[in-house]
1. Pull out all pairs, ordered by first then second residue, where Cβ-Cβ is under 6 Å, the residues are six or more apart or on different chains, the first lies in the stretch 105-122 and is over 20 Å from Thr84 (Cβ atoms) and assigned by TED's automatic domain parsing to the domain that holds Thr84, and the second is surrounded by 16 or more Cβ atoms within 10 Å (Cβ to Cβ) and at pLDDT 70 or above.
2. If you check Asn168, Asn162, which single one turns out to be in a helix (DSSP H, G or I), at pLDDT below 60 and under 34 Å from the mean Cα position of the chain (by Cα)?
3. Just for the stretch 219-241: of the residues that are within 22 Å of Leu341 (Cα to Cα) and of a type outside the set (Val, Ile, Thr), which one is surrounded by the most Cβ atoms within 10 Å (Cβ to Cβ)?
4. Kindly provide the set of residues from the stretch 323-344 that are exposed (fewer than 13 other Cβ atoms within 10 Å of the Cβ) and assigned to a loop (DSSP other than H, G, I, E, B), ordered by number.
5. Report, ordered by the first and then the second residue, all pairs with beta carbons closer than 6 Å, sequence separation of six or more or different chains, a first member in the stretch 160-184 that is of a type in the set (Val, Ile, Thr), and a second member that is modelled with pLDDT of 70 or more and assigned to a helix (DSSP H, G or I).
6. Does Ile187 satisfy the condition of being more than 24 Å from Gly243 (Cβ to Cβ), of a type in the set (A, V, I, L, M, F, W, C) and touching a helix residue (DSSP H, G or I) at 6+ places or on another chain (Cβ under 6 Å)?
7. Has the stretch 192-211 got any residue that is more than 31 Å from the chain's Cα centre (by Cα), assigned to a helix (DSSP H, G or I) and under 20 Å from Leu170 (Cα atoms)?
Amino acid sequence: MERHLQKQNIAYKEFFFQLVLHALVFSFYVIDSSHPSKVNTFHWYDVVYFLNYTMANLIISYVLLPRFFYKKNYVAFFGLTFLTIALVIVLEELGIEKWFFPDSRGTGFPGVIFSLAQVLPVIVILSGFKFAWDALRNQRKVEELKAIIKEGELTFLKSQINPHFLFNNLNNLYSYAVVKSSKTPEIILELSSVLRYMLYECKEASVPLSKEIEHLRNFTRLYEMQIEERGEVTFEAPTDFSGFRIAPLILNVFIENAFKHSQTGQSEKIKIAIKLSINEDGNLIFICQNNYKHPGQVVRSGKGIGLINVKKRLKLLYPDGHVLDIQQSDIEYKVTLKMALNRN
């Protein structure tokens, strides 16, 4: 029903557009075709001439364009268009001219070139505007389809976050449960609060930055409990982030990777530093760095599923509004992300 009403609305708009267009073209046609000394004089034969052109335009615009030109059958389109214009000239010269001007213009044929000069401008203008109207409508459809595809891709990418997060943390929980660690209940509690945010509080395309920061604190605390007393974790962020919005769950992966990399081949002296700030241009600056020791091979940046996922989301959500810099040495991994955020 809604789709039918939408089509009706488009049809009404096009009808009104064509009505106004024909009225404007007719007014110019009357001025051009009148005697120089009687520019504002109205003649009924002008209406008949213009109706002849209008019928040709309707055939070209609503029959030939959709059935042949838009289907790339150009030979048939141009051939039938030529026949339509020829029919217009025949009707004009053998019918209208002889009816209204039997003793003057209707006595002879002025020639093909002269007739085309009279007919073509009007038909080209009317049909050209119809072609432009269709092109704009099709462009709008393309943009709508792109938006739908983008939304679908973002939904798919976002849906991958929770399983990825759960997979890593359930493994950690299992290891703590096996050794009957006293931290297991606390980790489960923190995990439930983080999952509550992921599942219920970030369904919109963007969330207040303050809420996302609070989630990131809980997220960091969850992982911090897993390293126990083996290192130092700092989380620095201003308390006032009011007025800014951010795509949810877009920074989690960098923090998760920091903890994962730090624990690779390293049992103590883990150092993880997370810092968020807003610069003078209103851009978010996110820095996450960690130390690590690799057991015989370098931890390769950009190869994890989570990192590939977040890069795709950044490209879709902030195509020209982010700069991601990942630096890696033998002992340190550092991520710097600059983002142009939306405001409330």
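The values are calculated or read from the model by the stated rules, or taken from the named source; none is laboratory data. What you are looking at is a predicted structure, and each value in this text was computed from that prediction instead of being measured. Every residue, glycine among them, receives a Cβ derived from its backbone with ideal geometry; neighbour counts consider all protein chains shown.
1. Arg105/Glu97; Gly106/Glu97
2. On the way: Asn168 fails: at pLDDT below 60.
None of the others qualify; the one that does is Asn162.
3. Of everything passing the filter in the stretch 219-241, Phe219 is surrounded by the most Cβ atoms within 10 Å (Cβ to Cβ).
4. Ser329, Asp330, Ile331, Asn344 - these are the residues of the stretch 323-344 that are exposed (fewer than 13 other Cβ atoms within 10 Å of the Cβ) and assigned to a loop (DSSP other than H, G, I, E, B).
5. Thr184/Tyr176; Thr184/Ala177
6. On the way: more than 24 Å from Gly243 (Cβ to Cβ): yes; of a type in the set (A, V, I, L, M, F, W, C): yes; touching a helix residue (DSSP H, G or I) at 6+ places or on another chain (Cβ under 6 Å): yes.
Taking the combined requirement at face value, the residue satisfies it.
7. Just the residues of the stretch 192-211 that are more than 31 Å from the chain's Cα centre (by Cα), to begin with: 192-193.
Keeping just the survivors that are assigned to a helix (DSSP H, G or I) gives 192-193.
Now restrict to residues that are under 20 Å from Leu170 (Cα atoms): 192-193.
Looking through the stretch 192-211, at least one residue is more than 31 Å from the chain's Cα centre (by Cα), assigned to a helix (DSSP H, G or I) and under 20 Å from Leu170 (Cα atoms).
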